[in-house]
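Here's the structure, in structure tokens; my notes come after.
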Amino acid sequence: MEKVRETKDERFRRLAEQRVNAILDKLRLLGQLSNKSNYGYTDDQVDAAFRAIQQELNSTRAKFRNDLRDRKRFTL
């Protein structure tokens, strides 16, 4: 019995769809915390949460870029 191997593109597409949909589901759950009749929070708490999310998004996007300006370089 012969196994059909996925191409790199097929594997990327399959995993990217699963992972992006999981992230979107988690963001929707996060959005449910905005209901002030059930939860208490400050603007600072919300800003801190979204800053952390944005930093991770920026870091992850940079991994997909081959541009040297996105790589951190050491200089004295």
Discussion item. Which pairs turn up if I take residues in the range 9-36 that are under 28 Å from A48 (Cβ atoms) and look for partners that are outside any helix (DSSP H, G or I) and open to solvent by 80 Å² or more (accessible area, probe 1.4 Å) with beta carbon separation below 6 Å, at least 6 apart in sequence or on another chain?
Written reply: L33/Y39
Item to complete: Can you tell me which residue within the range 54-71, out of those that are at pLDDT 85 or above and charged (D, E, K, R), is surrounded by the fewest Cβ atoms within 10 Å (Cβ to Cβ)?
Response: K63
Fill in: Leading residue by the ranking (farthest from L57 (Cα to Cα)) among those in the range 1-24 that are exposed (fewer than 10 other Cβ atoms within 10 Å of the Cβ) and of a type in the set (D, E)
E2
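The values are calculated or read from the model by the stated rules, or taken from the named source; none is laboratory data. Only a predicted model underlies this, so the values are computations on that prediction, with no experimental measurement involved. Backbone-built Cβ (ideal geometry, glycine too); neighbour counts: all protein chains shown. Just so you know, the surface numbers come from the protein's heavy atoms only, side chains and all, with ligands and any DNA or RNA stripped out. Shrake-Rupley method; radii C 1.70, N 1.55, O 1.52, S 1.80 Å.
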